[in-house]
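The values are calculated or read from the model by the stated rules, or taken from the named source; none is laboratory data. Please read all numbers here as calculations on a predicted model, not as lab measurements. Here the Cβ positions follow ideal geometry from the backbone for every residue, glycine too, while neighbour counts run over all protein chains shown. These accessible areas exclude ligands, DNA and RNA; they are computed on the full protein's heavy atoms, side chains included. Shrake-Rupley method; radii C 1.70, N 1.55, O 1.52, S 1.80 Å.
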Amino acid sequence: MDHLIYTSLSAMRSSLARQTATANNIANAQTPGFRADMAEVQALWLRGGAAESRAPASEEVLAANMTPGTVAATGRPLDVAAEGETMFVVQSEEGEEAYTRRGDFQLSSSGLLTTGDGRPVIGSGGPITLPPADSISIDAQGRISIVPAGGDASQPQEVDHLKLVSPKGTDTVKGLDNLFHVRGGGVLPDDPNARVKCGHLEGSNVSTTQALVDMIEASRSWDTQLKLIADARENDTATAELMRLPE
């Protein structure tokens, strides 16, 4: 009976991994620029002797769904939507470069430009810090201009430039922090052809309907494996009863 039990246990671990990925997608259904996790399950057939009757399940997050989210006009000068495959560069918790499509930029009390979840945005010379200003604007090439406090509105001053990159041709992977990283380390080069749209915001590409269906399927799979383990226990008990010698 151990064949069935261990195979069912591996399937339960896969269902749990699927639930985790699906829950993360649902939790970020309203997160700007979020890319949904893509998980896949497969049977791992064992080779050699009696083990060939076993096929444990394996499920893991393989990649992120890079389908663009819906872009909506907000009119907010610090909302920026990246066009094409362009990504923004932010600073990760480890102090390294990471990449995101999240463009709901905020300005802290110290003038540091961050994403909505507090990641410092990287510019041409590192994290972007803006001086006090009456207005801020970002053009299609990512150039940041301000009208200094009390300055002439007709003469904006360029103060920095968003670092824009493209992952095309580079193996990138999505981390647990929901940011993209170059697999094995390294950084992406600047993309001179990258373009953004100011006053617009890209939404998440998570389909909540599909995510709920995935969650229900994973839950049913879990229940099925529990029933198989219970059946295996009953069969084992019945076999032991048959083998018991009469007193």
**Request:** State yes or no: is Ile138 open to solvent by less than 20 Å² (accessible area, probe 1.4 Å), among the β-branched types (Val, Ile, Thr) and either more than 21 Å from Asp177 (Cα to Cα) or over 25 Å from the mean Cα position of the chain (by Cα) (or both)?
**Result:** yes
**Asked** Gln42 is checked against (1) over 22 Å from Leu179 (Cβ atoms); (2) open to solvent by 70 Å² or more (accessible area, probe 1.4 Å); (3) modelled with pLDDT of 90 or more; (4) of a type in the set (S, T, N, Q) and fails just one. What number does that condition carry?
**Response** (3)
**Condition broken by Ile146, with the remaining ones in (1) closer than 20 Å to Ala73 by Cα; (2) open to solvent by less than 80 Å² (accessible area, probe 1.4 Å) satisfied** = (1)
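Being at pLDDT 75 or above and aliphatic (A, V, I, L, M) is the filter; apply it to the stretch 17-39 and report the residue that is nearest to Leu226 (Cα to Cα).
Ala17
Does Gly95 satisfy the criteria of being out of contact with any strand residue (DSSP E or B) (no Cβ under 9 Å at 6 or more places or on another chain), open to solvent by 10 Å² or more (accessible area, probe 1.4 Å), without any contact (Cβ under 8 Å) to a residue 24 or more places away in the chain and not acidic (Asp, Glu)?
Considered against the rule, which asks whether it is out of contact with any strand residue (DSSP E or B) (no Cβ under 9 Å at 6 or more places or on another chain), open to solvent by 10 Å² or more (accessible area, probe 1.4 Å), without any contact (Cβ under 8 Å) to a residue 24 or more places away in the chain and not acidic (Asp, Glu), Gly95 comes out as yes.
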**Request:** Filter the stretch 112-150 for residues that are without any contact (Cβ under 8 Å) to a residue 24 or more places away in the chain, over 26 Å from Phe34 (Cα atoms) and either part of a loop (DSSP other than H, G, I, E, B) or of a type outside the set (S, T, N, Q) (or both) and give the result.
**Result:** Pro132, Ala133, Asp134, Ile146, Val147, Pro148, Ala149, Gly150
